[in-house]
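The values are calculated or read from the model by the stated rules, or taken from the named source; none is laboratory data. All figures in this text were calculated on a predicted structure; none of them were measured in a lab. A quick note on method: Cβ atoms are made from the backbone with ideal geometry, for glycine too, and the neighbour counts reach across all protein chains shown. Accessible surface is based on the protein model in full, side chains and every heavy atom, while ligands, DNA and RNA are left aside. Shrake-Rupley method; radii C 1.70, N 1.55, O 1.52, S 1.80 Å.
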Amino acid sequence: MPSIDSLAERLSTYLGPDQVNLVRRAYFYAEQAHDGQLRRSGEAYVTHPLAVARILAEMHMDHHSLMAAMLHDVIEDTGIGKEALSAQFGETVAELVDGVSKLTQMNFETKAEAQAENFQKMAMAMARDIRVILVKLADRLHNMRTLDCMPHEKSRRIAKETLEIYAPIANRLGMHNIHIEFEDLGFRAMYPMRSERIRNAVRKARGNRKEIVNKIEESLGHCLAREDLQGEVQGREKHLYSIYQKMRGKRRAFNEIMDVYAFRIVVDKVDTCYRVLGAVHNLYKPLPGRFKDYIAIPKANGYQSLHTTLFGMHGVPIEIQIRTREMEEMANNGVAAHWLYKSTDDEQPKGTHARARQWIKGVLEMQQRAGNSLEFIENVKIDLFPDEVYVFTPKGRIMELPKGSTAVDFAYAVHTDVGNSCIACRINRRLAPLSEPLQSGSTVEIVSAPGARPNPAWLNFVVSGKARTHIRHALKLQRRSESVSLGERLLNKVLAGFNSHLDKLPGERLQAALLEYQYEALDDLLENIGLGNRMAFVVARRLLTDSVEPLPTQEGPLAIRGTEGLVLNYAKCCTPIPGDPIIGHLSAGKGMVVHLDTCKNISDVRHNPEKCIQLSWAKDVSGEFNVELRVELEHQRGLIALLASSVNAADGNIEKISMDERDGRISVVQLVVSVHDRVHLARVIKKLRALKGLSRITRVRG
Ligand code: MN
């Protein structure tokens with residue numbers, strides 16, 4: 001029966017007494033927190049965290065990891081929160097426990113199945129600290145070892161998740177021992193019959209093979225001795241799940257797989273590996289094409305070894321792995337090997353990744369030496385230092401986005417059309433701002449509207465290149481078509497003053513003008529007029545003969561429809577609304593700005609026909625226009641609510657509200673209200689005037 005005392009004894013072989021005591025404290029805390037809870041086996045619940053800590057102790061994990069292991073189910077299963085743990089055991093331990101809980105809560109099953117790999121990445125990205133993953137793997141390992149107590153359905157579900165998510169994560173991190181234990185336990189729970197059949201077949205084959213295995217082992221041993229090479233020869237058996245996969249995947253018969261004899265030779269240094277290779281190739285002929293040098297070119301998870309296959313006596317194939325003791329440790333324990341064999345210095349909060357980094361650095365160096373770092377970076381670095389977030393679509397598909405991505409990035413990642421027409425989003429079913437950075441594991445839903453257009457403000461917060469490019473492109477297209485149509489109206493308006501029209505102009509005259517201005521097409525000219533780069537008045541004179549005198553304007557001013565888009569802006573200084581007398585000010589590159597006819601800001605240029613143009617409002621002008629009101633009224637309770645309900649009663653909408661002064665009796669409130677036109681504004685003002693205690697109301701203009 002494992003106990004905290006025996007664990008403490010084990011820990012004291014590599015941790016200091018203070019650290020061991022902290023682990024003890026965490027144990028007693030967990031024991032109390034889980035008091036009354038039982039495992040399915042009938043044991044007290046605390047035996048589970050204790051066993052998880054034990055697994056981590058075998059890997060020589062630090063005291064923070066062990067404390068987190070003790071407490072790993074506390075947040076999930078008891079009423080105790082992260083803050084309470086932080087107060088008791090410090091920030092680091094609380095963060096680790098919180099990270100493990102988040103992984104535990106993640107329901108992999110309800111989502112689409114074909115994405116196991118993305119789930120692995122997501123799990124990694126969610127765990128900012130590699131120790132979270134290691135605690136979670138140990139937790140899962142103990143649950144797998146005690147799976148028999150679970151009801152059948154549940155054990156199958158856990159086993160499936162282990163095979164699809166956790167076994168590959170262990171593999172990515174180079175933790176071979178845990179990887180194969182996950183696979184064999186998962187296999188047994190998923191397919192008890194098949195697993196049992198293969199186990200029996202292996203046992204039987206082992207008896208038959210014994211003689212040959214001994215013979216080969218002996219001759220390999222002699223061979224090393226002859227060459228004066230130090231090495232330990234070990235017989236090796238494939239684990240059940242890999243036999244099963246070979247039978248299924250490669251459609252090979254059991255006997256065919258078992259006919260292969262596998263050995264490992266562990267030596268002291270790299271140089272010896274190659275000498276042993278030479279020696280065994282001298283002993284038996286190597287099978288062509290089967291030699292692999294994973295020492296020079298390590299696998300993505302840092303695995304190193306020499307692999308070769310030999311023709312033994314009577315032609316039996318013999319698979320040989322040759323590696324150093326250090327490579328053996330790495331192959332078995334992967335990232336955890338660095339806790340195992342390096343001394344534990346004082347753990348600093350900043351150094352949480354130090355050992356993982358050390359491992360990664362080692363692997364990276366190996367890969368660089370092999371000139372093959374790309375695969376490594378793809379597989380490992382991203383996972384441990386997450387530069388990505390992983391989020392779900394409403395249908396459960398996983399999208400991989402750069403860190404800091406927002407719902408707009410997500411929308412463009414789904415499809416350009418979705419991005420272009422998006423207007424709002426829900427994150428985990430709640431409406432959220434489009435600019436909010438997404439967190440891994442969230443579900444994101446885009447609300448789109450037909451005919452909606454990208455907002456230039458999105459460029460301030462999107463991070464993905466795809467979103468940026470598409471927004472720019474859409475805005476450019478939109479701006480171009482809007483500029484062209486505004487330019488055309490401006491030009492025709494001036495031409496009308498000369499009793500002419502674009503359609504009436506002779507073609508050669510147009511061509512000559514385009515040539516002179518160096519535009520390829522008429523649209524280019526119109527676009528530049530719309531953008532304010534060319535003055536419609538000047539262009540019109542160039543298109544007509546210069547001698548023509550302007551007729552008194554009969555056409556009336558250009559009518560504003562409210563649908564001009566990005567090239568037409570309403571001045572912030574005087575906030576014109578339909579019904580107001582207005583004037584248009586053209587400035588290069590910016591298009592036209594609509595001011596009140598009386599606005600002081602344009603009084604200098606208002607008579608310059610190259611800069612300003614008379615405007616009117618079209619009869620069917622559409623949209624909402626902001627207007628600023630200043631309201632003075634007696635101070636009273638619930639004043640803002642009163643104002644709001646009055647504006648609302650007149651179908652107006654308050655965009656902004658601020659209370660400027662309060663001298664005890666009189667309050668001055670600045671309101672920005674959006675209205676359709678002057679008539680609408682008058683209605684709003686009338687409602688406001690009806691308020692009790694109102695002394696003055698004025699519209700603010702510049
Ligand atoms: Mn657990």
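A quick yes/no check of all residues on (1) of a type in the set (Phe, Trp, Tyr); (2) within 18 Å of Leu310 (Cα to Cα); (3) assigned to a helix (DSSP H, G or I); (4) open to solvent by 20 Å² or more (accessible area, probe 1.4 Å):
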position: Leu224; (1), (2), (3), (4): no, yes, yes, no
position: Asp228; (1), (2), (3), (4): no, no, no, yes
position: Arg248; (1), (2), (3), (4): no, no, yes, yes
position: Arg251; (1), (2), (3), (4): no, no, no, yes
position: Phe263; (1), (2), (3), (4): yes, yes, no, no
position: Val280; (1), (2), (3), (4): no, yes, yes, no
Exercise for the section: Collect the residues in the range 138-194 that are within 15 Å of the ligand (Cβ to nearest atom) and in a loop (DSSP other than H, G, I, E, B), keeping them in residue-number order. Expected result: Thr146, Met150
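With the condition being touching a residue at least 12 places away in the same chain (Cβ under 8 Å) and either assigned by TED's automatic domain parsing to the domain that holds Met535 or among the acidic types (Asp, Glu) (or both), I'd like the strands (runs of 3 or more DSSP E) fully within the range 381-483 carrying at least 1 qualifying residues. Quick ask: steps written out before the conclusion?
Working: elements: 388-392, 398-402, 422-427, 430-432, 444-448.
Strands (runs of 3 or more DSSP E) meeting the threshold: 388-392, 398-402, 444-448.
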Completion exercise
Scanning the range 94-104 for residues that are open to solvent by 30 Å² or more (accessible area, probe 1.4 Å) and within 11 Å of the ligand (Cβ to nearest atom) gives Thr104
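Going residue by residue through the range 635-644, is there one that turns out to be among the charged types (D, E, K, R) and modelled with pLDDT under 85?
Within the range 635-644, the first condition is being among the charged types (D, E, K, R), and the residues that meet it are 637.
Retained after the next criterion (residues that are modelled with pLDDT under 85): 637.
Yes; the residues of the range 635-644 include at least one that is among the charged types (D, E, K, R) and modelled with pLDDT under 85.
Can you give me the ranges of the strands (runs of 3 or more DSSP E) entirely in the range 552-639 with at least 1 residues that are basic (Lys, Arg) and surrounded by fewer than 16 Cβ atoms within 10 Å (Cβ to Cβ)?
Numbers: elements: 558-560, 568-570, 582-587, 591-596, 612-617, 625-634.
Of the strands (runs of 3 or more DSSP E) lying wholly inside the range 552-639, those with at least 1 residues that are basic (Lys, Arg) and surrounded by fewer than 16 Cβ atoms within 10 Å (Cβ to Cβ) span 625-634.
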Practice task
Only residues that are open to solvent by 40 Å² or more (accessible area, probe 1.4 Å), among the hydrophobic types (A, V, I, L, M, F, W, C) and part of a strand (DSSP E or B): list them for the range 307-323, please.
Solution key: Phe311
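Residue check: is Thr47 within 14 Å of the ligand (Cβ to nearest atom) and over 26 Å from Ile178 (Cβ atoms)?
Values: within 14 Å of the ligand (Cβ to nearest atom): yes; over 26 Å from Ile178 (Cβ atoms): no.
It is false that Thr47 is within 14 Å of the ligand (Cβ to nearest atom) and over 26 Å from Ile178 (Cβ atoms).
For the condition more than 28 Å from Gly589 (Cβ to Cβ) and of a type in the set (S, T, N, Q), what is the one hit in Ser481, Ser440?
On the way: Ser481 fails: more than 28 Å from Gly589 (Cβ to Cβ).
Only one candidate qualifies: Ser440.
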Practice task
Pairs only if they're at least six apart or on different chains, beta carbon under 6 angstrom, first in the range 59-78 and within 14 Å of the ligand (Cβ to nearest atom), second part of a loop (DSSP other than H, G, I, E, B) and not polar (S, T, N, Q); list them, first residue then second.
Solution key: Val74/Ile80
Practice task
Show the residue pairs that are 6+ apart or on different chains and have beta-carbon atoms under 7 Å apart, the first residue being within the range 308-320 and within 16 Å of Gly278 (Cβ to Cβ) and in the same structural domain as Arg290 (by TED's automatic domain parsing), the second being of a type in the set (Asp, Glu) and outside any loop (DSSP other than H, G, I, E, B).
Solution key: Thr309/Glu319
Handout entry: Matching residues in the range 23-37 - criterion: being more than 38 Å from the chain's Cα centre (by Cα) and within 15 Å of the ligand (Cβ to nearest atom)
Key = none
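Which is touching a Leu at 6+ places or on another chain (Cβ under 6 Å) and outside the structural domain of Ala159 (by TED's automatic domain parsing), of Gly231, Gly249, Gly235?
Values: Gly249 fails: touching a Leu at 6+ places or on another chain (Cβ under 6 Å); Gly235 fails: touching a Leu at 6+ places or on another chain (Cβ under 6 Å).
Of the residues listed, the single one that is touching a Leu at 6+ places or on another chain (Cβ under 6 Å) and outside the structural domain of Ala159 (by TED's automatic domain parsing) is Gly231.
Might you let me know whether the range 83-93 holds any residue that is among the hydroxyl-bearing types (Ser, Thr, Tyr) and away from the ligand (no atom under 16 Å from the Cβ)?
Let us first name the residues in the range 83-93 that are among the hydroxyl-bearing types (Ser, Thr, Tyr), namely 86, 92.
Still in the list and also away from the ligand (no atom under 16 Å from the Cβ): 86, 92.
Yes, there is a match, as at least one residue in the range 83-93 is among the hydroxyl-bearing types (Ser, Thr, Tyr) and away from the ligand (no atom under 16 Å from the Cβ).
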